[in-house]
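Have a look at the structure below before the remarks.
The values are calculated or read from the model by the stated rules, or taken from the named source; none is laboratory data. What you see is a predicted model, and the numbers here were worked out from it, not measured in a lab. Note that each Cβ is placed from the backbone with ideal geometry, even for glycine, and that neighbours are counted across all protein chains shown. The accessibility values were calculated without ligands, DNA or RNA, using every heavy atom of the protein model including side chains. Shrake-Rupley method; radii C 1.70, N 1.55, O 1.52, S 1.80 Å.
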Amino acid sequence: MNNKDLFKNFYNDLYKEILDEYYLEIDNIHKKSKKSLTFTCVLFSIIPTILFWIIFFNKEYLIAFIIITIIYNISVILFIKSSHKDDRNEILNQIKYKILDDMITLITNEQDSEIMPNNRISQTSFERTNLFNLNNVHYTGSNYIQTSLDSIPIVLGDMNIYTYVDVTKEEYFYIGSRRFKRTYKTKKKKDIFVGCYIGSNMNRKNDSLIQIVPKNINNIINKKINNYYNFCPIELKLENLDFSKRYSVYSNDEIKARMVLTLTMMESINELENILDNKKYIIFKNDGRYSVFIENFTFENILNKYLSNKRNKNKEMDSIYNIYSDLSKLFEIVSILNNSK
């Protein structure tokens, strides 16, 4: 029996009850929608139509009257259905985050996890990773999560780190019959990083810093995009060949960096590639605190992929398992880093 079958067998009864409760809310919306649609159609469609025909009817304009009546009634019905669709989508959106919370609680066994969809990683935490050049980049985020794994507090969230670059645009215009070209410069948003942030508390200041970045980022640096990154002055040469093929390591304190990056730690970081092969940027402080940026992996994408607003209750368990599976990979990375300190 595979992991998916085990998961479904073990949690099927529990989630069947929860899903019944969730979808009962949606069914109620549908029932209210039908009643409201009937009432509103009578109030704003049928009655006005009858009055309109009684007061203004003229046989000469029969076709026009019929067309106006049809257009008006269709408009009213579409407007009402659209408003109730928004209500349904709002409930489905709430269900998404309830399921996300359930899955995180299930994986971490932490009952007090908190999810704040509209919040982002704190400015202080972002700044103290020291990975990006704060003079040239900006960031935004969402789905801020506070939880614990193995009694170690961690925070997670989606991040978009970006800058603005100068671009030259051209436009053509005419004066009389003559065509002219105007060239001007404007700003365009350029994404530097889109993905997930996970980390222990980075709010406390600590001067010792280790930055582990994908090896192929050097190709980016050579293309003069290093203005967006803030690398430490010392690049370390380490003994683990597999690790050195994958990552470049920068630090401002070589001795402390080597104390943190033991052979065991490097092997553990190598393991992360077998869990998620997305690019990872890992920051260590010398007291064991860390943060990880995982590219192209976000909670928002997971939820939208498996729990869109067009979904089927009978297939919901498959969607829940897929969310559980993806989140398990994320927390497995956290567990490996926690246990390698």
Using the structure shown, decide if V292 is on the phi < 0 side of the Ramachandran plot, outside any helix (DSSP H, G or I), without any contact (Cβ under 8 Å) to a residue 40 or more places away in the chain and touching a strand residue (DSSP E or B) at 6+ places or on another chain (Cβ under 9 Å).
no
Name the one entry in S142, S125, S83 that is touching a Gly at 6+ places or on another chain (Cβ under 9 Å) and modelled with pLDDT under 85.
S125
Scan segment 128-147 for residues that are without any contact (Cβ under 8 Å) to a residue 60 or more places away in the chain and surrounded by 15 or more Cβ atoms within 10 Å (Cβ to Cβ) and jot them down.
Y139, G141, Y144, Q146, T147
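Tell me whether segment 102-117 contains one or more residues that are under 30 Å from Q211 (Cα atoms), open to solvent by 70 Å² or more (accessible area, probe 1.4 Å) and of a type in the set (A, V, I, L, M, F, W, C).
no
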What residue, of I99, I212, I152, is touching a Phe, Trp or Tyr at 6+ places or on another chain (Cβ under 7 Å), touching a residue at least 60 places away in the same chain (Cβ under 8 Å) and not charged (D, E, K, R)?
I212
Quick check: is even one residue across segment 185-204 over 31 Å from the mean Cα position of the chain (by Cα) and either open to solvent by less than 80 Å² (accessible area, probe 1.4 Å) or at pLDDT 90 or above (or both)?
no
Would you call I320 β-branched (V, I, T) and open to solvent by 70 Å² or more (accessible area, probe 1.4 Å)?
no
Conditions: (1) open to solvent by 30 Å² or more (accessible area, probe 1.4 Å); (2) farther than 30 Å from Y164 by Cβ; (3) not in a helix (DSSP H, G or I). L238 meets all but one. Number of the miss?
(1)
